[in-house]
Amino acid sequence: MCGIFGYIGDNKNPLHACLDGLAQLEYRGYDSTGIAGIQDGHLIVCKKEGKLANLQNILTLKTLEVAIGHTRWATHGKVNDLNAHPHLDTMHSLAIVHNGIIENYDALKAQLKNEGAAFVTETDSEVIAHLIAKHYEGDLLKAVQTALPFLHGSYAIALIHKDHPDQIIAAAHHCPLAIGTNDAQTESIISSDPNALVGGFLKILFLRNAEIARIEKGNVQVFDSHGNLIVKTQERLECAAKAPSKDGFEHFLLKEIFEQPITIRKAMLGRFSSETAKVEFDDLKITAEEARNYKQVWFLGCGTSSLAGSIGAMYLEETAKIPAFSEIASEARYRTELIGPETLIIAISQSGETADTLTAMRAFKAKGCRTIAICNVKNSTLTREADYSIDLQAGPEISVCSSKAFTSQIAILALFALHLANLRNTTSAEALDLARAMPFIANQIQTVLEKAPQLEKIAKKYAHFDDFFFMGRRYMFTTCLEAALKLKEISYVNANGYAGGELKHGPIALISPTFPVICFCANKKTEEKIISNLMEVKARGAPIVAFAPDSMTQIHSIADDLFTLPTTIDPLAPFASAVAGQLFAYYIAKERGCDIDRPRHLAKSVTVE
Ligand code: AGP
């Protein structure tokens with residue numbers, strides 16, 4: 001979270017380049033935005049609480065010689081103008097922007113204050129400005145080199161100094177930072193996300209492990225933490241200027257929900273043949289022997305990506321007959337003790353920058369595990385650090401609330417299960433069923449989308465409730481958790497998700513006529529049991545909304561409101577059901593007047609632990 005951008009060069013006005021860059025990075029946080037630059041020997045800073053538009057409204061600056069900018073997702077300190085980045089030293093000579101968390105900021109702050117530094121914000125980041133200023137003796141790079149070892153935690157920083165208008169100093173440790181230069185060597189751009197770099201073809205490098213860069217116009221020098229110059233490999237990247245568009249939809253979320261028939265096809269394109277039921281992933285080079293040697297598979301991820309992992313674990317067990325577990329990345333990282341190379345790790349992330357997922361993957365890698373990243377952003381940290389990666393091919397997901405990434409993730413996981421089953425020579429009935437049913441997923445999603453007005457009507461009826469109980473069993477348990485997460489995230493209502501079997505173990509006490517129960521029923525194997533659960537709910541007067549397959553006739557007399565789904569095999573039921581859940585959450589959020597694409601307190605890319 002937090003986005004950093006910086007520009008030095010002749011091709012653009014650095015001020016405008018920075019504002020454009022921040023617009024691309026706003027998905028990383030939108031609590032506040034700020035920009036700092038140098039003009040005629042003066043350091044100029046402008047920052048404002050809220051989205052970039054708020055900053056643009058108060059900006060009177062016309063041009064800058066060099067500029068750095070920041071979009072904030074608050075960790076330390078309230079969301080206000082003062083805590084917005086950039087932060088300055090006491091003499092207002094230098095300005096820094098920071099992504100990450102400085103864990104020892106409290107001790108550093110006390111010490112620097114004692115030494116006379118004047119702190120004005122509540123942030124952890126401000127200590128970086130004062131620390132570097134303390135060590136500055138005319139050489140900015142040297143000051144940063146001396147200061148960095150005092151910082152504990154994670155950071156990507158960019159820094160400018162009024163006496164050095166010809167350079168930006170940048171450093172990164174466990175936070176992404178890409179630096180691009182053009183062939184003509186007339187400009188250099190830094191960004192938390194290489195996909196936000198705009199400028200035709202650029203040569204890109206990524207900073208890592210406390211590396212420090214001195215960035216000048218069209219020229220970058222990188223040093224290790226001991227000050228040695230290092231040669232970094234640069235990748236050539238086409239950085240096309242392409243602002244994301246809603247294509248006529250009211251919100252990015254709605255557009256992305258409606259893209260799913262296409263994104264599902266793209267996830268399978270060139271990878272799956274329905275005739276041969278064979279799966280090939282270009283970049284995945286697992287041999288049959290390797291596949292047979294794995295004793296188990298662990299899925300790592302957060303939020304929606306973690307729920308995709310839970311479905312992936314069921315796919316692997318049923319189809320490839322291998323024990324599989326899905327664990328929330330922030331917890332999994334503490335469970336590596338008994339793990340070794342016999343465990344295959346699959347890290348799932350839309351952004352590829354989620355700090356919890358990265359940290360967990362690194363912890364398992366350190367235990368000798370092979371790692372596969374399933375990701376939607378090429379060149380992200382996760383794809384660069386994993387042994388192999390599989391691209392979702394879903395196209396940019398702009399809305400903070402994940403939709404198409406989830407269905408693409410589970411499509412890839414279904415394919416991966418088939419692939420592993422093949423490699424391990426386990427031709428199960430489940431694998432055959434899965435391969436036969438896969439080609440119909442896109443059409444099933446289309447059927448749901450065509451009935452969106454019906455979901456809108458149901459959502460409107462329930463939008464005034466503040467508490468919802470989501471329920472499902474087996475594949476529909478994970479699906480109900482995902483649907484509840486969508487509703488919480490964009491509507492700010494309390495939505496609990498439970499396995500149907502757990503109802504009697506406590507949550508049934510909550511059931512009342514003012515507590516709607518949203519039940520996902522499309523799991524054939526557990527149909528009778530979920531009906532019993534619904535009867536228990538009905539007996540206690542709760543309104544029931546059921547998402548059920550058209551084959552489930554009994555549900556008509558039980559549900560107050562019913563949305564029917566196309567019938568399919570249990571493992572593939574999450575696709576159509578998840579899309580219905582996304583639309584339900586969307587229309588409730590819309591009815592409640594929420595900021596759908598940018599829900600409060602959230603960010604698209606969560607780069608702190
Ligand atoms: C989903 O709607 C959320 N915005 C969130 O749970 C998200 O899935 C999670 O933060 C993980 O992000 P990632 O997929 O980019 O790693």
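One table, with the values for the structure above:
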item	result
Those residues of segment 106-126 which are farther than 26 Å from Ile38 by Cα and open to solvent by less than 50 Å² (accessible area, probe 1.4 Å), in sequence order	Leu108, Lys109
Leading residue by the ranking (nearest to the ligand (Cβ to nearest atom)) among those in segment 264-291 that are open to solvent by 30 Å² or more (accessible area, probe 1.4 Å) and part of a strand (DSSP E or B)	Phe272
Matching residues, segment 114-163, being in contact (Cβ under 8 Å) with a residue 24 or more places away in the chain and among the aromatic types (Phe, Trp, Tyr)	Tyr136, Phe150, Tyr155
From the options Asn182, Asn114, residue that is polar (S, T, N, Q) and under 29 Å from the mean Cα position of the chain (by Cα)	Asn182
Flag if Thr33 is surrounded by 19 or more Cβ atoms within 10 Å (Cβ to Cβ) and under 22 Å from Ser188 (Cβ atoms)	yes
Subset of segment 353-372 [away from the ligand (no atom under 15 Å from the Cβ) and closer than 25 Å to Gly100 by Cα]	Ala363, Phe364, Lys365, Ala366
Selection count, segment 572-609, where residues are closer than 17 Å to Phe252 by Cα, under 20 Å from the mean Cα position of the chain (by Cα) and without any contact (Cβ under 8 Å) to a residue 40 or more places away in the chain	1
Subset of segment 361-385 (residues that are open to solvent by less than 10 Å² (accessible area, probe 1.4 Å), over 22 Å from Ala196 (Cβ atoms), outside any strand (DSSP E or B) and in contact with a Gly (Cβ under 9 Å, 6 or more places away or on another chain))	Cys369
Given (1) assigned by TED's automatic domain parsing to the domain that holds Val545; (2) in contact (Cβ under 8 Å) with a residue 40 or more places away in the chain, number of the condition Asp433 does not satisfy	(1)
Qualifying residues in segment 292-322 (those that are in contact with a helix residue (DSSP H, G or I) (Cβ under 9 Å, 6 or more places away or on another chain) and in a loop (DSSP other than H, G, I, E, B)) - the one nearest to the ligand (Cβ to nearest atom)	Cys302
Unique residue being part of a helix (DSSP H, G or I), surrounded by fewer than 24 Cβ atoms within 10 Å (Cβ to Cβ) and outside the structural domain of Ala267 (by TED's automatic domain parsing) when the list is Ile490, Ile508	Ile508
Considering residues of segment 554-606 that are in contact with an Asp or Glu (Cβ under 8 Å, 6 or more places away or on another chain) and of a type in the set (Ser, Thr, Tyr) only, the residue least open to solvent (accessible area, probe 1.4 Å)	Ser605
Which numbered condition Glu528 misses (of (1) part of a helix (DSSP H, G or I); (2) open to solvent by 10 Å² or more (accessible area, probe 1.4 Å); (3) closer than 27 Å to Thr263 by Cα)	(3)
Scope segment 323-352; condition within 14 Å of the ligand (Cβ to nearest atom), polar (S, T, N, Q) and within 15 Å of Thr371 (Cα to Cα); matching residues	Ser326, Ser349
Any hit, segment 15-30, residues being more than 22 Å from the chain's Cα centre (by Cα), open to solvent by less than 50 Å² (accessible area, probe 1.4 Å) and either more than 18 Å from Glu187 (Cβ to Cβ) or not assigned by TED's automatic domain parsing to the domain that holds Ile168 (or both)	no
Matching option when the condition is assigned by TED's automatic domain parsing to the domain that holds Ile569 and over 27 Å from His601 (Cα atoms), among Ala495, Ala484, Ala522	Ala522
Hey, His164 of a type outside the set (A, V, I, L, M) and modelled with pLDDT under 95 or not	no
Contacts under 7 angstrom Cβ, first residue in segment 536-548 being within 17 Å of Ala585 (Cβ to Cβ), partner of a type in the set (Ser, Thr, Tyr), 6 or more apart	Val545/Tyr462; Phe547/Ser577
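The values are calculated or read from the model by the stated rules, or taken from the named source; none is laboratory data. Since this is a predicted model, take the numbers as computed values, not measurements. Because the Cβ atoms are built from the backbone with ideal geometry, glycine has one as well, and the counts that use them run over all protein chains shown. Ligands, DNA and RNA are excluded from the accessible area calculation, which covers all protein heavy atoms including side chains. Shrake-Rupley method; radii C 1.70, N 1.55, O 1.52, S 1.80 Å.
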